[in-house]
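A.B. asks: Sharing a structure here in structure tokens format.
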Amino acid sequence: MGFTPFMLLPPFAYRNQNLFVEDCDLEAIARREGTPLYVYSKQAILSRYHAYEAGFGSFPHQICYAVKANSNLSILRLLAQAGAGFDIVSGGELYRVLQAGGNPAKVVFSGVGKTREEIEYALESGIHSFNCESEAELSLLSSIAARLNKVARIALRVNPHVDAATHPYISTGLRDHKFGIDITAVEAVYQRALTLPHLQLEGVSAHIGSQLLDTQPLLAALDALLALITRLRAAGVPITHLDIGGGLGVPYREGQVEPVVSDHLAAVCARCAGLGLILLTEPGRSIVGPAGVLLTRVLYRKKTETKEFVIVDAAMNDLIRPSLYEAHHEIVPLRRAFPGTFVADVVGPVCESGDFFARDRDMAQCLPGDFLALVTAGAYGFVLASNYNTRPRAAEVLVDGAHWRVVRRRETYEDLVRGE
């Protein structure tokens, strides 16, 4: 047809020029449910989760899905039923996990700014452990646990000063980042933490950033953590688990190569063999990112002296990644109806010049009324959505084989003023 699309990952594929996910025609879903619309594949989510399980093999481990990547209750329930634990960064995420049937004993609580109320909620819910990021947090956690007569299992999040070589907004492992405790100072913090009552100090944690297509920084950080664990144990700190974080990237554009989960975990397990550690990992994007698309409808094509614009009904309030990170999402037609391509900016209706999905993009021919898919939108899509410009947030759909169902209804105008 004259247009070579981004190499779609299964289960997304064209059949007779129509884009399908599993056995569902995406255009049929868009016409039924309207746009903007997020659509997720159950098959893709589960296969990506099971790749982690298979990668660990018999090594003692727990996969804690990073809820911040996509927190839809149906997705959380799907992963909980598959045996996943969860990595949370707020009390609201814990509430979602519990509502979805997640096991609190498989929940780790990360984040630099846990509030007193969130800590109490997590302790009373019986979560697995806290990844603590400062001495002040340790003191607060100890006092709350004492008041509740609870014992809080903790790991210290270590900042290993390893450059993740990713976008600066999602890099978290250098000394000038807000996350964790500097590896050069953390041993003294472990010793002070041992003296605090109602804390069970048993872990080391690190997460250096996300969207890593090269796993070498992750392995460099792991080597530093294992050396730290050796020193801690020699000093009498009883480390039993290591949380290696998440961060594996996914391909957003042609030519990018996705890390092979089994290869990475084989390298991790080989380094940790014989150390008596339970490994925790916190994948998010690598499980749900390629499993989702954002569907949108072309409203207008507009030409100026220097540009052509494709104006669509989705906007930066639906998917902010291109505006926030200058992130790339491939944009493909749901029906390959026209030969040839043209160069255009793909923009939304929000009254901001930053409301764009692509600039100077080589696009398949399309006309007003046609549907497009923004690919690899399953992570950090709806979770970052807002009501800016008083726009209702999109609906979400989960596909299972030849069937699909709405797992979040589209917001109404009434929803927009609820509570005011």
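Throughout, read-outs are computed from the coordinates displayed, never taken from laboratory work. As the structure is a computational prediction, the values presented were derived from the model and not from experiment. Don't worry about glycine lacking a Cβ; one is built from the backbone with ideal geometry, like all the others, and counts go over all protein chains shown.
A.B. asks: Gaussian network model of the chain, Cα springs within a sub-10 Å range: biggest mean-square fluctuation belongs to which of GLY284, GLY34, GLY246?
C.D. replies: GLY34
A.B. asks: Continuing with the same structure: Give the cross-link partners of LYS42 among the lysines, using a straight C-alpha distance below 30 Å as the criterion and excluding same-chain residues fewer than 8 apart.
C.D. replies: Counting by Cα, and skipping residues close in sequence, LYS42 has these lysines nearby: LYS68, LYS106.
A.B. asks: What percent does the relative contact order of region 281-351 come to when contacts are Cα pairs within less than 8 Å and at least six residues apart?
C.D. replies: This gives 33 percent for region 281-351.
A.B. asks: What residues have an amide H closer than 5 Å to that of ALA152, excluding those fewer than 5 places away on the same chain, when H is modeled at 1.01 Å from N in the peptide plane?
C.D. replies: Amide H neighbours of ALA152, under 5 Å, 5+ apart: LEU199, GLN200.
A.B. asks: Across the Cα atoms of region 110-283, what radius of gyration and what greatest pairwise Cα-Cα distance (Dmax) are found, in Å?
C.D. replies: Radius of gyration, then largest Cα-Cα span, for region 110-283: 16.5, 55 Å.
A.B. asks: Further question on the same structure: Of THR195, THR215, THR376, how do they rank once you tally other Cβ atoms within 10 Å and put the fewest first?
C.D. replies: The order, fewest Cβ neighbours first, is THR195, THR215, THR376.
A.B. asks: Additional query: Amide H to amide H under 5 Å from ILE320: which residues, 5+ apart in sequence or cross-chain, H placed 1.01 Å off N in plane?
C.D. replies: Those qualifying (amide H under 5 Å, at least 5 residues apart or on another chain) number zero.
A.B. asks: Still on this structure: How would you rank LYS150, LYS303, LYS42, going from fewest to most other Cβ atoms within 10 Å of each one's own Cβ? It would help to have the intermediate numbers written out before the result.
C.D. replies: Values: LYS150 16, LYS303 9, LYS42 20.
Ascending Cβ contact count within 10 Å gives the list LYS303, LYS150, LYS42.
A.B. asks: Looking at [x] 21.2; [y] 18.4; [z] 27.9, which value of mean projected area of the Cα convex hull in nm² comes from a calculation on the structure shown?
C.D. replies: [x]
A.B. asks: Which ordering of GLU33, GLU420, GLU117 is given by a fewest-first count of other beta-carbon atoms within 10 Å?
C.D. replies: GLU420, GLU117, GLU33
A.B. asks: Compute the semi-axes of the equivalent ellipsoid of region 1-158, taking the square root of 5 times each eigenvalue of the Cα gyration tensor, and list them largest first in whole Å.
C.D. replies: So the equivalent ellipsoid measures 39, 17, 14 Å along its semi-axes.
A.B. asks: What number, in percent, do you get for the relative contact order of region 110-283 if the mean sequence gap of Cα pairs under 8 Å and at least 6 apart is divided by its residue count?
C.D. replies: That works out to 20 percent.
A.B. asks: Would you work out the relative contact order for the chain, in percent, from Cα pairs under 8 angstrom that are 6 or more residues apart? Don't skip to the answer; put the middle values down first.
C.D. replies: Working: 937 pairs, mean separation 86.5, N = 420.
Reported relative contact order: 21 percent.
A.B. asks: Still on this structure: Stokes-Einstein at 25 °C, 0.890 mPa s, Kirkwood radius from Cα pairs: D for region 287-420 in µm² s⁻¹?
C.D. replies: It comes out at roughly 157 µm²/s.
A.B. asks: Let me ask something else about it. Please label the shape of region 36-124 as rounded, prolate or oblate, based on the square roots a ≥ b ≥ c of the eigenvalues of the alpha-carbon gyration tensor (a/c under 1.5 means rounded; beyond that, a/b larger than b/c means prolate, else oblate).
C.D. replies: Because a/c hits 1.5 or more and a/b fails to exceed b/c, region 36-124 counts as oblate.
A.B. asks: Now for a different question. May I ask you to evaluate 6.51 cos²θ - 1.76 cosθ + 1.60, the Karplus curve with θ = phi - 60°, for each residue of region 393-407 and list the ³J(HN,Hα) values in order in whole Hz, giving x for glycine and proline?
C.D. replies: Values, residue by residue: 6, 5, 7, 10, 10, 10, 9, 9, x, 8, 10, 8, 8, 6, 10 Hz.
A.B. asks: Okay, moving on. I need the per residue convex hull volume for region 353-420, using only the alpha carbons, in cubic angstrom as a whole number. Could the numbers behind the result be given before it?
C.D. replies: Details: hull volume 11.7 nm³, N = 68.
In region 353-420, the Cα hull volume divided by residue count equals 172 Å³.
A.B. asks: Something else: Report, by chain and number, residues whose modeled amide H sits under 5 Å from the one on PHE86, excluding near sequence neighbours (fewer than 5 apart, same chain).
C.D. replies: Those qualifying (amide H under 5 Å, at least 5 residues apart or on another chain) are TYR65, VAL107, VAL108.
A.B. asks: Using Cα atoms only, what is the angle between the long axis of helix 135-148 and the major principal axis of the chain, expressed in degrees (0 to 90) to the nearest 10?
C.D. replies: Roughly 80 degrees, rounded to the nearest 10.
A.B. asks: Also, quick follow-up: Show me, for region 346-352, the HN-Hα J-couplings you get by feeding each phi into the Karplus relation (A = 6.51, B = -1.76, C = 1.60, θ = phi - 60°), rounded to Hz, glycine and proline as x.
C.D. replies: Running phi through 6.51 cos²θ - 1.76 cosθ + 1.60 with θ = phi - 60° gives 9, 9, x, x, 5, 7, 8 Hz.
A.B. asks: HN-Hα J couplings of region 14-28 from phi, Karplus 6.51/-1.76/1.60, θ = phi - 60°, integer Hz, Gly and Pro as x?
C.D. replies: The phi angles translate into 7, 10, 6, 6, 9, 7, 10, 10, 6, 10, 10, 7, 5, 5, 5 Hz.
A.B. asks: Just from its helices, what would the mean residue ellipticity at 222 nm be for the chain, if runs of 4 or more DSSP H residues each count -39500 (n - 2.57) and the sum is divided by every residue, rounded to the nearest 500 deg cm²/dmol?
C.D. replies: Helix-only estimate at 222 nm: -8000 deg cm²/dmol.
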